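First the structure, in the form of structure tokens, and then the observations on it.
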Amino acid sequence: MAEKANGEVILIVEDNEKNMKLTRDILQFHGFATVEATTGEDGVALTREKHPALVLMDIQLPGIDGVTALERIRQDASTSRIPIVAMTASVMKEDRERFDKAGFDGFITKPIDVRAFPGQVRDAIARGRA
Ligand code: MN
């Protein structure tokens, strides 16, 4: 559990300041490096620029939503293989199915579970590499 990441870059796409801060603080504490975007458009641009090990994608964002941002990242051959996990407050089955169908590599429920979160992030990165 105390295992530290080696500065792997995680892109957080999140428009809520408190959620962003919590997510960033936990990841940095566990040895990840973070890059941040507060809109879907910036998330797409930063994915191209930084090639993160993982993208944590909020769904409800100003401008394009997380699903559209995912589609744009997938459409670009240079970023199509980067794992993307939806961060969502919704536990509705229809929403989960919609995110699955859109091509997300998984989802993490908000509010995040502070203790479980680093492991969820590591698992998502490992699945992306498999
Ligand atoms: Mn949001």
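Only the coordinates and a few stated rules stand behind these numbers; no lab work does. What you see is a predicted model; the values in this text were computed from it and never measured. Note: ideal-geometry Cβ built from the backbone for every residue, glycine included; neighbour counts use all protein chains shown.
How much length would be gained if the chain were fully extended between GLN28 and ALA126, taking 0.36 nm per residue of separation minus their Cα-Cα distance, in nm to one decimal? Before the final figure, lay out each step's value.
Details: separation 98, 0.36 × 98 = 35.28 nm, distance 1.84 nm.
Roughly 33.4 nm would be gained on extension.
Expressed as a rounded percentage, what relative contact order does the stretch 1-61 have, with Cα pairs under 8 Å and six or more residues apart? Could you put the intermediate results ahead of the total?
Values: 92 pairs, mean separation 28.1, N = 61.
Value for the stretch 1-61: 46 percent.
With N the number of residues in the stretch 51-112, Rg(Cα) / (2.2 N^0.38 Å) evaluates to 1.05. As a length-normalised measure over Cα pairs under 8 Å and 6 or more apart, the relative contact order of the stretch 9-125 settles at 24 percent.
As an exercise, identify the trypsin sites (Lys or Arg not before Pro) in the stretch 1-48 lying in DSSP coil whose Cβ has no more than 16 other Cβ atoms within 10 Å.
On the way: sites: LYS4, LYS18, LYS21, ARG24, ARG48; in loops: LYS4.
Those that pass, being in a loop and sparsely packed, are LYS4.
Counting helices only, and only those DSSP H runs with n ≥ 4, report the 222 nm mean residue ellipticity of the chain as the sum of -39,500 (n - 2.57) divided by its residues, in deg cm²/dmol to the nearest 500.
Values: 5 runs with 57 residues, N = 130.
When only DSSP H runs of four or more count, the value is -13500 deg cm²/dmol.
For the stretch 9-125, the alpha carbon positions stretch 33, 33, 26 Å along the principal axes, listed from largest to smallest.
Using 1/(1 + (r/R0)^6) with R0 = 22 angstrom and r between the beta carbons of GLU17 and GLN60, what's the FRET efficiency to the nearest 0.05?
Working: r = 14 Å, r/R0 = 0.65.
Efficiency for this residue pair is about 0.95.
Here the 3J(HN,Hα) profile of the stretch 16-26, calculated from phi with Karplus coefficients 6.51, -1.76 and 1.60 at θ = phi - 60°, is 8, 4, 5, 5, 4, 4, 4, 4, 4, 4, 5 Hz, Gly and Pro shown as x.
Within the stretch 59-130, which trypsin sites (Lys or Arg not before Pro) sit in a loop by DSSP and count at most 14 neighbouring Cβ atoms inside 10 Å?
Numbers: sites: ARG72, ARG74, ARG81, LYS93, ARG96, ARG98, LYS101, ARG115, ARG122, ARG127, ARG129; in loops: ARG81, ARG115.
Passing both the DSSP loop test and the Cβ count: ARG81, ARG115.
Summarising the label geometry, the points placed 7 Å from Cα in the beta-carbon direction at VAL9 and GLU97 lie 3.8 nm from one another.
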